[in-house]
Amino acid sequence: MAYIEVQHATREFRNGEQTTVANRDISFTVAQGAVVTILGPSGAGKSTLLNILGGMDSPTSGRVLIDGVDIAQFSAKQLTTYRRQAVGFVFQFYNLIPNLTARENVELASQITQDARNVDETLALVGLQDRAQNFPAQLSGGEQQRVAIARAVAKNPKLLLCDEPTGALDYQTGKQVLQVIQDAAKQTATTVIIVTHNSAIAQMGDLVIRINDAQIQSVTPNAHPTPLAD
Ligand code: ADP
Ligand code: ADP
């Protein structure tokens, strides 16, 4: 069974007279454990779609089945529970708490859910066991993003959503961070969605969804996901 099934999802924003359609009649399915990349230019509707999948927003119409349950019908309270328990987030600018160590940042997240992963194992999963006592400002950009990945994975989420996770990193560091996301996902059977405007990054997905002008242009399974070149 598909883990994610989006059916005819549309999201309109109304501001007085003006209506913006940010997502128009979006449909696709994703198998559990897949790494999906969503590719499109700025303004295409990628963040809107990610927000809907992450329970930060709901479509105006359509269905968004996660593990068979339509989260488009969820109340605000149900969405909060879904977000806390089922979804891990990785952002472009890490969003770590500056006065907590790497370990404490991960610990805080793991306290949210009952079936949290072991904090030390999670730090080891992203290769940061030796940096656990460092504060974010003492870590490089790549290391901070690895802490953010550990924090997201510590919740043992069903779904890991990454919004331009390498957008603030140089090419080589970004490549390593994507590898860490991929490895962590495969080891934990987590379904991953990575939003990017970079077509080379998109090619590392098992499934590449192209979106432009609020609509899906193509959904392409990738039999041989390509790692980024050196
Ligand atoms: P992307 O992430 O691909 O850059 P977005 O999903 O952020 O695209 O935006 C898609 C379109 O929807 C844009 O035209 C944007 O201005 C509009 N939009 C997004 N969020 C809102 C909002 N809260 N209110 C009004 N318009 C919005
Ligand atoms: P990366 O390839 O992960 O971006 P860098 O080459 O930027 O790593 O950094 C190399 C080492 O220097 C890292 O181990 C990191 O901990 C350390 N480092 C980077 N920036 C800082 C900083 N602002 N303060 C302290 N240590 C830093």
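Where a number appears in this text, it was derived from the coordinates with a stated rule and is not lab data. A quick note: this is a predicted structure, and the numbers were derived from the prediction, not measured. Reconstructed Cβ throughout: ideal geometry from the backbone, glycine too, with neighbour counts over all protein chains shown.
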>> Given a 10 angstrom Cα cut-off, can you work out which residue in Pro136, Pro59, Pro98 is the most mobile in a GNM of the chain?
In response: Pro98
> Rg and Dmax of segment 180-230, Cα atoms, in Å?
Replying inline: 11.7, 35
> Under 22 Å Cα-Cα from Lys46, which lysines qualify once same-chain neighbours fewer than 8 residues away are excluded?
Replying inline: Lys158, Lys175
> Under 5 Å between amide H atoms, partner at least 5 residues away or on a different chain: which partners does Asn23 have, H built in plane at 1.01 Å?
Replying inline: Arg11
> Straight-line reach from Lys155: which lysines have a Cα under 23 Å away, not including same-chain ones fewer than 8 places off?
Replying inline: Lys77, Lys186
> To the nearest Å, what is the center-to-center distance of segment 89-124 and segment 157-230, using C-alpha atoms only?
Replying inline: 21 Å
>> Give me the net charge for the shell around Glu107: Cβ to Cβ below 15 angstrom, other residues only, Lys and Arg +1, Asp and Glu -1.
In response: +2
> By count of other Cβ within 10 Å, fewest leading, how are Val87, Val69 ordered?
Replying inline: Val69, Val87
> What is the local net charge at Gln32, summed over the other residues whose Cβ is closer than 14 Å to its Cβ (Lys, Arg +1; Asp, Glu -1)?
Replying inline: -1
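As a check on your grasp of the helix formula, calculate [θ] at 222 nm for the chain: sum -39500 (n - 2.57) over DSSP H runs of n ≥ 4, divide by the residue count, round to the nearest 500.
Calculated from helices alone, the mean residue ellipticity at 222 nm is -9000 deg cm²/dmol.
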